[in-house]
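The numbers here are math on the coordinates, done by the rules we state, and not lab data. This is a predicted model, so every value here is computed, not measured. Virtual Cβ from ideal backbone geometry, glycine too; neighbours counted across all protein chains shown.
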């Protein structure tokens, strides 16, 4: 059911670890990077609620959710292939503009594909299965991200494909990594489409009589139009409103890490000048960032298997809070690490937080949502992922330039602080399913 996430996250990891480097090769300034990255959350803000709304109402030969993530996978694959090769369009537009456009296409397409996968798990699993279901999804996300993050390093060091860049041309190892990522994305999505059953609207309606879905926080709505998304937003369950603040600070921190990890570590650990983005040492630093991102995703994949058991013993809220604290400390520790190898320890902490961020909020949220509204509310919940990223995108570059005096490492420190704030806010969340079980 979640196998397609392996390919989605492989592509997403390639983007996260390498988009900043590619845009710098095409001529973007470090201070401008976060402005290019604002495309990603903007696409999520626009696309996911709309896709969620329409997927709630779709039923055809392919099912309810599957048509959306199949289309999303095809479009994302096109973006993956073309982004690192944007210089081929230089006769028509500057490579930087084309690269940014391909980044927009990728992000919109990843959002089209991801939201229905979240809703699919909510549709197909009972309340008592959802923690395990979202944890399995997180494990597949982790394994896909490991492959995507490590692929450029592996192609260079194991297969001898060059990571050198000249005259604004993306290294061959990145170009081939993105092509391979596109192929894996399509194949993994097809596995889910071909092998997964979805419940019909009539079957989902019958689940309304399940006592586990009855609670004062559960919203059961009549059929609505697209414009009623705003009304759904106003009527969101209390649990979603409480989780929104946890999500805000979690994703504010993640975005800062994704955007500024390469320039921060190149400067702080490798000792490179702030303006260096083309030297061979900088490309080595970029490849090492891929290894580090792979480490935190690998840790998240294995930690995801433990999450259901930990949550069963200490509760989902406490599990999430502890995981966020460990991740926050991991990010803060980057500042004091003596060399690049010690950064692996920091990424272990980030991986623990990442696994919980991908599983616990959704498991907590799903119990407060009617099956009829699973798609649209999962899409609305994405607001609290993308809004903090948009804010970070707008202020991140100026903060590095003016507040941090061109020391990008402090952007990672700020990310660690954000994780700790999110952990503190978990205590305010009401877990409906915990109440039901008691």
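Note on residue 164/residue 29: beta-carbon distance plugged into 1/(1 + (r/R0)^6) with R0 of 25 Å gives a FRET efficiency of 0.70. Listing 118, 64 from fewest to most neighbouring C-beta atoms within 10 Å gives 64, 118. Put a dot 7 Å past the Cα of residue 89, heading toward its Cβ, do the same for residue 430, and the two dots end up 4.9 nm apart.
Using the Cβ-Cβ distance between residue 157 and residue 187 with R0 set to 25 Å, the FRET efficiency works out to roughly 0.50.
Look at 57, 317, 66 and count the other Cβ atoms within 10 Å of each Cβ; fewest to most, that gives 57, 317, 66. Under 15 Å from a label point set 7 Å out along the Cα-to-Cβ vector of residue 339, the amide N atoms of region 246-282 belong to 269-271. Exposure proxy for 187, 429: other Cβ atoms within 10 Å of each Cβ, ordered fewest to most, give 187, 429.
For the listed peptides 345-357, 239-251, a ranking on the average number of other beta carbons within 10 Å per residue, highest first, reads 345-357, 239-251.
Between residue 274 and residue 59, the contour length at 0.36 nm per residue exceeds the Cα-Cα span by 72.1 nm. Against the empirical curve 2.2 N^0.38 Å, the C-alpha radius of gyration of region 295-344 lands at a ratio of 1.34. For region 55-160, the average shadow cast by the Cα convex hull is 9.5 nm², which is a quarter of the hull's surface.
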